[in-house]
Amino acid sequence: MNNKVGVELGVLEECESYLLESRYFPNKLGGKPAWLDLKNLPSDFSCGVCSKVCIFLCQVYAPIDDNPNCHHRTIFIFICPESSCCKNNENKNIIVFRSQLPAVNDFYPVEDPTEEIDWHPEGTVENFSRVCSLCGNPAPFNCGKCKVTSYCSKEHQVAHWKLYGHKVNCGCDGVESQIEVPFLFPEFEITIDKPPEQELLYKSDEACMEEYNELVSKDCAGTLDDVSPTSLEQYTSVKNDKYFSKYKRLIDDCPEQVLRYDRGGDPLFITKPHFQQADIPVCEYCNGTRQFEFQILSTLLNELACDDMNGLDWGTLLVYTCKNNCHEGPAYKREFVIKQDIV
Ligand SMILES: [Zn+2]
Ligand SMILES: [Zn+2]
Ligand SMILES: [Zn+2]
Ligand SMILES: [Zn+2]
């Protein structure tokens with residue numbers, strides 16, 4: 001169980017929105033992405049199923065202490081908003097990027113940020129790149145009329161014009177108010193911390209199975225006399241799916257958790273894995289192996305309960321990243337995600 005000591009849990013919290021901007025290196029869910037490298041944004045956001053633009057789901061700030069290239073380091077997840085693109089155990093509707101920067105870089109001061117709204121406001125993506133007015137993704141298209149407002153795709157350009165008021169505001173220099181875009185996920189800070197004590201004392205599956213077998217051998221499991229309903233349920237589900245049983249128990253210990261961070265550790269599978277470690281592709285930039293870094297839990301779906309998100313689904317999303325944290329190549333490197341579902 002030693003590897004469990006390294007696990008940290010992410011929970012959602014309300015937070016002042018300026019603290020979720022790039023210059024504060026946030027962990028966050030929803031809204032627009034807080035890009036880390038502000039200049040060299042990635043270019044391909046198309047869903048592998050329907051080719052529409054994937055929108056920002058969440059990001060995790062995870063610097064690596066002993067790697068100067070990873071003084072700042074953030075992992076980003078984007079997902080296609082079409083629920084029909086969510087297929088069991090398939091990852092084609094999800095995109096993961098890794099971005100990292102040394103302490104001295106073109107965007108942020110070397111000192112730690114202070115929580116004041118006017119602290120280095122120049123460290124915003126708008127000062128370096130064009131991003132979509134609707135979703136915050138890189139924006140190669142401009143509004144044909146005003147040539148000022150930018151979009152990631154024709155689709156968002158049309159939506160902004162028709163549904164979100166640009167038809168009226170086009171050409172009114174910069175007075176366009178910040179609009180609530182219903183198809184973006186609700187915005188929260190994710191605070192990542194050590195788990196509650198009981199998780200550290202967690203009993204392994206093997207120990208639990210042994211206890212079950214012992215009960216069976218004493219014939220208690222058959223008569224139920226000495227077994228509380230809870231433990232009976234526990235033992236039965238262990239017998240049926242020991243993975244789900246463990247998943248459920250660890251979630252129950254801290255039901256608010258939406259993310260588990262354990263770089264180099266083992267994921268918490270929601271059911272028997274449909275893949276093996278050998279199926280995780282090597283890093284396409286350095287050919288190095290990838291390792292597990294963090295996972296998004298099914299509990300996050302409860303927080304995304306807006307109408308348009310109905311049907312968006314996953315058991316858990318397991319994110320694997322390059323063990324070397326290779327630096328050469330694009331500023332946003334694709335990493336690997338496994339979507340695990342109970343089927
Ligand atoms: Zn799609
Ligand atoms: Zn967009
Ligand atoms: Zn315009
Ligand atoms: Zn690599």
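Whether a residue is closer than 19 Å to Val11 by Cα and not charged (D, E, K, R) was assessed, and Gln257 passes this test.
Checked against (1) away from ligand 3 (no atom under 13 Å from the Cβ); (2) part of a helix (DSSP H, G or I); (3) closer than 23 Å to Ser17 by Cα, Ser129 meets all criteria but (2).
Residue-by-condition table, conditions (1) assigned to a loop (DSSP other than H, G, I, E, B); (2) in contact with a helix residue (DSSP H, G or I) (Cβ under 8 Å, 6 or more places away or on another chain); (3) within 16 Å of ligand 4 (Cβ to nearest atom):
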{"position": "Pro81", "(1), (2), (3)": "yes, yes, no"}
{"position": "Val96", "(1), (2), (3)": "no, no, yes"}
{"position": "Asp112", "(1), (2), (3)": "yes, no, no"}
{"position": "Ser133", "(1), (2), (3)": "yes, yes, no"}
{"position": "Lys145", "(1), (2), (3)": "yes, no, no"}
{"position": "Val148", "(1), (2), (3)": "yes, no, no"}
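Taking segment 16-74, which residues are without any contact (Cβ under 8 Å) to a residue 12 or more places away in the chain and in a strand (DSSP E or B)? Within segment 16-74, Ser46 is the sole residue that qualifies. Of the residues making up segment 85-127, those that are open to solvent by 50 Å² or more (accessible area, probe 1.4 Å) and more than 20 Å from the chain's Cα centre (by Cα) number 15. Report yes if Pro81 is at pLDDT below 95 and within 16 Å of ligand 2 (Cβ to nearest atom), otherwise no. Answer is yes for this residue.
Scan segment 162-179 and give yes if some residue there is at pLDDT 85 or above, open to solvent by 30 Å² or more (accessible area, probe 1.4 Å), within 28 Å of Asp313 (Cβ to Cβ) and of a type in the set (Ser, Thr, Tyr), otherwise no. Scanning segment 162-179, I find no residue that is at pLDDT 85 or above, open to solvent by 30 Å² or more (accessible area, probe 1.4 Å), within 28 Å of Asp313 (Cβ to Cβ) and of a type in the set (Ser, Thr, Tyr), so the answer is no. Within the option set Thr124, Thr149, being more than 16 Å from ligand 2 (Cβ to nearest atom), touching a residue at least 12 places away in the same chain (Cβ under 8 Å) and within 15 Å of Lys32 (Cβ to Cβ) holds for one residue only, Thr124. How many residues are free of Cβ contacts under 8 Å to residues at least 12 places away in the same chain and either under 15 Å from Phe45 (Cβ atoms) or away from ligand 2 (no atom under 16 Å from the Cβ) (or both) if we restrict to segment 152-172? Residues that pass the stated criteria total 4. Taken together, the criteria place Ser46 among residues that are out of contact with any Asp or Glu (no Cβ under 9 Å at 6 or more places or on another chain) and under 30 Å from Asp341 (Cβ atoms). In segment 53-73, the residue that is modelled with the highest pLDDT out of those that are in contact with a helix residue (DSSP H, G or I) (Cβ under 9 Å, 6 or more places away or on another chain) and among the β-branched types (Val, Ile, Thr) is Ile64.
The values are calculated or read from the model by the stated rules, or taken from the named source; none is laboratory data. Source: prediction; values computed, not measured. All Cβ positions, even for glycine, are placed from backbone atoms using ideal geometry, and neighbour counts span all protein chains on display. The protein model used for the area step is the full one, side chains on, heavy atoms only, and it has no ligands, DNA or RNA in it. Shrake-Rupley method; radii C 1.70, N 1.55, O 1.52, S 1.80 Å.
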